[in-house]
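Peer 1: So that we are looking at the same thing, I have put the structure below in structure tokens.
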Amino acid sequence: MKGDRSTAGVDIVQERRKAREEAKAVESKVVLSTFEECAEAYIRANWSTWSEKHRDQWPSSLKRYAYRTIGKLTIPEIKPSHIHDLLKPIWVEKRETANRVRGRIETIIAKNVDIDDPDFRNPAELTRQLREKLPKRPKRVVRHHPALPYADAPAFMKLLAGAPGTAAAMLRFLIFTACRTNEAVEGRWSEIDRPGSTWKIPGERMKMDQDHYVPLTDPALAVLDEMRDGRQGELIFTNPDAGAFSENAMLAVLDRLGYGHVTVHGFRSTFATWAEECTDYPDGVREAALAHKYKSETTAAYQRGQKLEKRRALMKDWAAFLTGANVVQLGDRAG
């Protein structure tokens, strides 16, 4: 009969509607990128702003720990159970790696969802459910970095000044600036303002994710002048292959000089103890020199004021103490 929608018991309209829905589902599946594709797009977009460390760690960690489980899934297909499965093998044994991998996955997922979706919940978020399902981690044991007593620092610096090699020069620069190991290892010439005697470390290399300005004293500038004579590329301190040093290079220098019992990071403690016990600079100035986050809002507000020149004076006194030019004692700077 004309107009009859059924043929041999088949509803043609219903079949066509079903076919359209199936086609739409297939189309949406094709349009949506996989997690691996989203991750690679995110890495490409941020590559130029990242440090060498981030450029190495982001792709390698995701490839090793994430792609095998969720790499071929689209973002809507990823469930908290997937995140649990990929984190479980490394949650206890590789604590920091697991934390970073989870955070990177969470960031990539968040980058690829509708900001106005009220029902979205990031499956990589460290919820109580996920935390409870993962293996229990033992409590951290706080280990302080062995530091050189500040009274011994001038004698050590005299010994270090005679040590050959770029790694030894890098260690001298690190001690004069009280910076962290990675900040010195990845230091670049473009960050140095020679006329202004200032080193601007970009936020991506800083623990606080904020640009940090380091006043450079004459001894620190002298180290840079030594390195500039044999400059190779953008890195300030380069290994024999013109690449970046391992973060263990300065530890090897300490070991060769007979100071294997102290750590490179420990020199920040040496500086902090000297500044507290031998000078009368305010806490805010000392903390700013170490690029520490301030617990006190009052201190943080103070640091947004005239801090650079006050820190320049502090670092000048530190350099004088290390080189034996002048031993600053508490009360030397009255007023």
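The values are calculated or read from the model by the stated rules, or taken from the named source; none is laboratory data. From a predicted model like this one, the values you see are computed outputs, not experimental measurements. Here the Cβ positions follow ideal geometry from the backbone for every residue, glycine too, while neighbour counts run over all protein chains shown.
Peer 1: Out of the residues in region 247-263 meeting the condition of being in a loop (DSSP other than H, G, I, E, B) and without any contact (Cβ under 8 Å) to a residue 12 or more places away in the chain, tell me which one is nearest to Leu148 (Cα to Cα).
Peer 2: For region 247-263, the residue satisfying everything is Gly260.
Peer 1: Right, here's the next one. Test of understanding: among Pro118, Pro138, Pro123, Pro195, which residue is surrounded by 18 or more Cβ atoms within 10 Å (Cβ to Cβ) and either without any contact (Cβ under 8 Å) to a residue 24 or more places away in the chain or not assigned by TED's automatic domain parsing to the domain that holds Leu235 (or both)?
Peer 2: Going through Pro118, Pro138, Pro123, Pro195 in turn, the sole match is Pro123.
Peer 1: Here is a check on your reading of the model: is Thr107 in contact with a Lys or Arg (Cβ under 9 Å, 6 or more places away or on another chain), outside the structural domain of Arg231 (by TED's automatic domain parsing), among the hydroxyl-bearing types (Ser, Thr, Tyr) and surrounded by 12 or more Cβ atoms within 10 Å (Cβ to Cβ)?
Peer 2: no
Peer 1: Continuing with this model, one more query. Select from region 212-234 the residues that are of a type in the set (A, V, I, L, M) and touching a strand residue (DSSP E or B) at 6+ places or on another chain (Cβ under 6 Å) and write down the one among them that is nearest to Ser51 (Cα to Cα).
Peer 2: Restricting to residues being of a type in the set (A, V, I, L, M) and touching a strand residue (DSSP E or B) at 6+ places or on another chain (Cβ under 6 Å), the top hit is Val214.
Peer 1: Determine, yes or no, whether Met170 is in contact (Cβ under 8 Å) with a residue 60 or more places away in the chain, aliphatic (A, V, I, L, M) and in contact with a Phe, Trp or Tyr (Cβ under 7 Å, 6 or more places away or on another chain).
Peer 2: Yes; evaluated as a whole, the condition is true for this residue.
Peer 1: Still on this structure: Does any residue of region 217-236 turn out to be out of contact with any Leu (no Cβ under 9 Å at 6 or more places or on another chain), among the polar types (S, T, N, Q) and in a loop (DSSP other than H, G, I, E, B)?
Peer 2: Scanning region 217-236, I find at least one residue that is out of contact with any Leu (no Cβ under 9 Å at 6 or more places or on another chain), among the polar types (S, T, N, Q) and in a loop (DSSP other than H, G, I, E, B), so the answer is yes.
Peer 1: Hey, can you tell me all the residues within region 198-211 that are more than 14 Å from the chain's Cα centre (by Cα) and surrounded by 21 or more Cβ atoms within 10 Å (Cβ to Cβ)?
Peer 2: Across region 198-211, the qualifying residue is only Trp199.
Peer 1: Do the conditions hold for Pro76, that is, is it without any contact (Cβ under 8 Å) to a residue 60 or more places away in the chain and part of a loop (DSSP other than H, G, I, E, B)?
Peer 2: no
Peer 1: Can you name the number of the only condition in (1) at pLDDT 70 or above; (2) surrounded by fewer than 12 Cβ atoms within 10 Å (Cβ to Cβ); (3) on the phi > 0 side of the Ramachandran plot that Gly335 fails?
Peer 2: It is condition (1) that Gly335 fails.
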